[in-house]
Amino acid sequence: MKVFKKLFANFEVNIIAFIILLLLLFSILVSFIGYGSFTKAFELEYDNTTYHMADTAAALVDGDRIDEYLANGADDSNYQATKRALDIYCQKMDVALVYVIQVDTTDYEHFVSVFNCVGKDTPYTEWELGSPHDTTNDEYKETYRQLYDGSLTYGTIYRNDKLRGAPPHITTLVPLKDSEGKTVAVLCVQRMMERMVEARRPFLYIIAGSAAILMILSSLIAAVYIRRQFVRPIHKIIREAKRFATENKPGEKLGADISYIEELSVLATSIDKMEEDMLQYIDNLTVATAEKERIGTELTLAKAIQANSLPNTFPAFPEREDFDIYASMIPAKEVGGDFYDFFLIDEDHLGIVIADVSGKGVPAALFMMVTKILLNELSIHNDATPAEVLRMVNERICQHNPEEMFVTVWLGILELSTGKMICANAGHEDPAVMRKNGDFELVKSRHGFVIGAMDMVRYRDFEFTLGRGDKLYLYTDGIPEATDNHNNMMTIDGMLKALNQYKGESPQGIIEGVIKSVNEFVGEAPQFDDMTSVCLELKDDQPLRLVVDAEKAELDKVNEFIHRHLSDSPCSVKTMMDIDLAVEEIFVNIASYAYGEGKGKAEIILLKKNDGVSLTFIDQGTPYDPLAKLDPDTTLSASERQIGGLGIFLVKKVMDETSYEYKDGSNVFTMVKKLQ
């Protein structure tokens, strides 16, 4: 058990397992897509060849004599000659059936047999000349009608399941015309599809084998790459940092080529530069001066490393209009023990970190860098919750932490489309949240143990939701614990008072306002602790987006997304029921038909307007305009109406506006509902 626990605590093993999982999902997707494409290609080949067979067989039958055959019976010499020719053709072409029928054109629901030739090893028996029969189903009925009125050159009908004891087959129907060009009968050729069914099995074996080989090769390549570019460089940097801190002697250069990972390369070159400068000062100055200069250089370099490792360009995401974020760190000395970070995990998820490292100086800066890199990498590349990320970071820190340093961390992952924040707290201060048009208040949760103090610690995720116009404020203890000359602390209440004083400002304005309030409170008293803060605002009046798998099981998630964002709108129960009905109809249609047998995504965009709401559904499936179909005649009974079209008819009735366009390879369906 300990072996497995140690194995899965290994960063390299976790990354490889994640890669294997992705490849497995990819191979399954490729199998589904390839299986469908392979089947369609085979069906097309069957369609073409069967049509040519039917067209050739039609040349053997004289359309002018159809009525004569039915009148004179099977003793007619011309009939017997044609029957023999069709029998021979049926056997030679190895088809299941070749038959000619005359359809009752008054309703296309009945027909009589003219010729009926049965192939070898088939479950069929021949029909007698003139024997009446009922049309199999509506598909055959519609095909007969189109062949007789000339709107269809030929028809093809597939049967992938058993029908009346017959195995899967394809039937091609061509019109028989007399000398005047009038369709007088229909010739049908039926072929069994056992070859296609048998051919699909080895195709799946090939896909599965290829996927297995790809997973093995990818795992080996990933193992080599991660070990060389991440694991070994970090161990080498830690060993060199410990060695230099102990010996203060020149060592082997780490170099910028230690890894292709930019953060590790920058850290390695910064440590090389720090060693060179510190040794130069030690050699050039007296013992007392050298010690003083060494400390000053150490702090200066550590400050540069720390400053360059934190996001410090604002606006941080100028291309994003749905949120704004700003951060600030003011160290009490040259090097601070606080740090923050924020990064886009994907287009809809933003990771936010704020932390406070124990101690000061270069050890704290190095500890901060390692912790920051681990938090960033594990959050982006592991698809893990904040609690799981904190657990993995704690395990790795505890494995190589002889100095017994620790860090408090607050980590959150915000789903930008919904405002749902999932976060975990490792001994850090509770965040403050301002609801739209409200005041800042603390959002309290259960705290976990600090990172690096003890391994095998488990952390808990907790959730809260930010609405449009809400703001989030994160901070370290240097702000509420700021002290004046009389040892009076600003306290949490004082911080909240400052926040509410500037709550109408942008995130940058709020942070600068709080710092101004702190400075006014402490007066001439020296700053004794770092002051770090991060402020986020979910901007108002922006379209809200949700991307889900195009599957019926995701309908509840879609409804929850819409209900949550309309909860503060003047929406009556009846209006909400109308919206629910329309959403279900459109989303279920996308899930059922947009991607056929394949899989895909559906995007829902919600935009609140002054007096209503707009809902847009986008998919990249088969182009289809649901508004193009005529509305059903509701004056007819259910049995008299044509099947289909009732759902979209109801959508148009309950919504105030509906529109469709096919744009950039996507179906875009928009509906608008007035709420007042």
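Within region 587-607, residues that are in contact (Cβ under 8 Å) with a residue 12 or more places away in the chain and open to solvent by less than 40 Å² (accessible area, probe 1.4 Å) sit with their Cβ atoms under 9 Å from residues that are part of a helix (DSSP H, G or I) and aromatic (Phe, Trp, Tyr), at 6+ positions apart or across chains, in these pairs: Gly598/Phe32; Ala602/Phe587; Ile604/Phe561; Ile604/Phe587; Leu606/Phe561. The residues of region 425-447 that are closer than 29 Å to Phe317 by Cα, among the charged types (D, E, K, R), open to solvent by 40 Å² or more (accessible area, probe 1.4 Å) and not in a strand (DSSP E or B), listed by number, are Glu429, Arg435, Lys436, Asp439, Lys444. Scanning region 448-465 turns up no residue that is closer than 30 Å to Gly523 by Cβ and either surrounded by fewer than 18 Cβ atoms within 10 Å (Cβ to Cβ) or touching a Cys at 6+ places or on another chain (Cβ under 9 Å) (or both).
If you take the residues of region 323-353 that are of a type in the set (A, V, I, L, M) and farther than 17 Å from Thr313 by Cα, which of them is farthest from the chain's Cα centre (by Cα)?
Only one residue fits best here, namely Ala332.
Going by the conditions given, is Asp67 within 29 Å of Tyr46 (Cβ to Cβ) and over 58 Å from the mean Cα position of the chain (by Cα)? In short, no.
The residue that is nearest to Asp324 (Cα to Cα), counting only those in region 294-314 that are among the hydroxyl-bearing types (Ser, Thr, Tyr) and modelled with pLDDT under 75, is Thr300. Remark: Lys503 falls outside the filter, which requires a residue to be basic (Lys, Arg) and assigned to a helix (DSSP H, G or I).
Checking the stated criteria, Lys83 turns out not to satisfy the condition of being surrounded by fewer than 19 Cβ atoms within 10 Å (Cβ to Cβ) and out of contact with any helix residue (DSSP H, G or I) (no Cβ under 6 Å at 6 or more places or on another chain). Considering only residues in region 620-646 that are aliphatic (A, V, I, L, M) and at pLDDT below 75, the one that is nearest to Thr658 (Cα to Cα) turns out to be Ile643. All of Leu7, Leu21 fail the test of being in a helix (DSSP H, G or I), modelled with pLDDT under 70, hydrophobic (A, V, I, L, M, F, W, C) and open to solvent by 70 Å² or more (accessible area, probe 1.4 Å), apart from Leu7. Counting the residues of region 68-90 that are in contact (Cβ under 8 Å) with a residue 40 or more places away in the chain and not in a loop (DSSP other than H, G, I, E, B) gives 3. Based on what the data block shows, is Asp625 within 21 Å of Leu544 (Cβ to Cβ), of a type in the set (Asp, Glu) and surrounded by fewer than 16 Cβ atoms within 10 Å (Cβ to Cβ)? For Asp625, the condition - within 21 Å of Leu544 (Cβ to Cβ), of a type in the set (Asp, Glu) and surrounded by fewer than 16 Cβ atoms within 10 Å (Cβ to Cβ) - is not met.
For Val547, indicate whether it is at pLDDT below 95, of a type outside the set (D, E, K, R) and touching a strand residue (DSSP E or B) at 6+ places or on another chain (Cβ under 6 Å). When the stated conditions are applied, Val547 passes them. If you take the residues of region 246-277 that are among the hydroxyl-bearing types (Ser, Thr, Tyr) and within 20 Å of Ile373 (Cβ to Cβ), which of them is most open to solvent (accessible area, probe 1.4 Å)? Selected residue: Tyr260. Among the residues of region 103-120, those that are in a strand (DSSP E or B) and either within 15 Å of Thr143 (Cβ to Cβ) or open to solvent by 50 Å² or more (accessible area, probe 1.4 Å) (or both) comprise Val103, His110, Phe111. Residue check: Glu291 meets all listed conditions (1) acidic (Asp, Glu); (2) exposed (fewer than 14 other Cβ atoms within 10 Å of the Cβ); (3) at pLDDT 75 or above but one, namely (3).
From Glu441, Glu415, Glu404, which residue is charged (D, E, K, R) and closer than 19 Å to Phe343 by Cβ? Of Glu441, Glu415, Glu404, the one residue that is charged (D, E, K, R) and closer than 19 Å to Phe343 by Cβ is Glu415. When Leu214, Leu204, Leu176, Leu254 are checked against the criterion of being modelled with pLDDT under 75 and either closer than 30 Å to Gly150 by Cβ or assigned to a helix (DSSP H, G or I) (or both), a single residue qualifies: Leu204.
Of the residues making up region 52-67, those that are open to solvent by 50 Å² or more (accessible area, probe 1.4 Å) and either outside any loop (DSSP other than H, G, I, E, B) or polar (S, T, N, Q) (or both) are His52, Asp55, Thr56, Asp64, Arg65, Asp67.
Name the residue that is nearest to Lys601 (Cα to Cα), counting only residues in region 510-549 that are touching a Gly at 6+ places or on another chain (Cβ under 6 Å) and open to solvent by 10 Å² or more (accessible area, probe 1.4 Å). Among residues in region 510-549 that are touching a Gly at 6+ places or on another chain (Cβ under 6 Å) and open to solvent by 10 Å² or more (accessible area, probe 1.4 Å), the one nearest to Lys601 (Cα to Cα) is Asp540. Checked against the criterion of being open to solvent by 30 Å² or more (accessible area, probe 1.4 Å) and not in a strand (DSSP E or B), region 406-424 has at least one qualifying residue.
If you check Leu499 against the conditions, is it out of contact with any Ser or Thr (no Cβ under 8 Å at 6 or more places or on another chain), surrounded by 18 or more Cβ atoms within 10 Å (Cβ to Cβ) and at negative phi? Answer is yes for this residue.
Lys360 satisfies every condition listed in (1) open to solvent by less than 10 Å² (accessible area, probe 1.4 Å); (2) touching a Lys or Arg at 6+ places or on another chain (Cβ under 7 Å); (3) at pLDDT below 90 except (1). Filtering region 560-579 to residues that are surrounded by 16 or more Cβ atoms within 10 Å (Cβ to Cβ) and assigned to a helix (DSSP H, G or I) leaves Phe561, Ile562, Arg564, His565, Leu566, Thr575, Met576, Asp578, Ile579. Evaluating Gly478 against the criteria (1) over 29 Å from Asp346 (Cα atoms); (2) open to solvent by 50 Å² or more (accessible area, probe 1.4 Å); (3) part of a loop (DSSP other than H, G, I, E, B); (4) of a type outside the set (Ser, Thr, Tyr) leaves one unmet condition, (2).
Determine, yes or no, whether Met329 is open to solvent by less than 20 Å² (accessible area, probe 1.4 Å) and within 25 Å of Ala241 (Cβ to Cβ).
Spelling it out, it is not the case that Met329 is open to solvent by less than 20 Å² (accessible area, probe 1.4 Å) and within 25 Å of Ala241 (Cβ to Cβ).
Contact map, region 35-59: residues that are modelled with pLDDT under 75 and among the acidic types (Asp, Glu) paired with residues that are open to solvent by less than 40 Å² (accessible area, probe 1.4 Å) and assigned to a helix (DSSP H, G or I), Cβ distance under 9 Å, separation 6+ or inter-chain. Pairs shown: Glu43/Met196; Glu45/Met196.
The values are calculated or read from the model by the stated rules, or taken from the named source; none is laboratory data. This one's a predicted model, so the numbers in the text were calculated from it and none came from an experiment. Note that each Cβ is placed from the backbone with ideal geometry, even for glycine, and that neighbours are counted across all protein chains shown. Quick note on the areas: whole protein, heavy atoms, side chains included, nothing else; ligands and nucleic acids left out. Shrake-Rupley method; radii C 1.70, N 1.55, O 1.52, S 1.80 Å.
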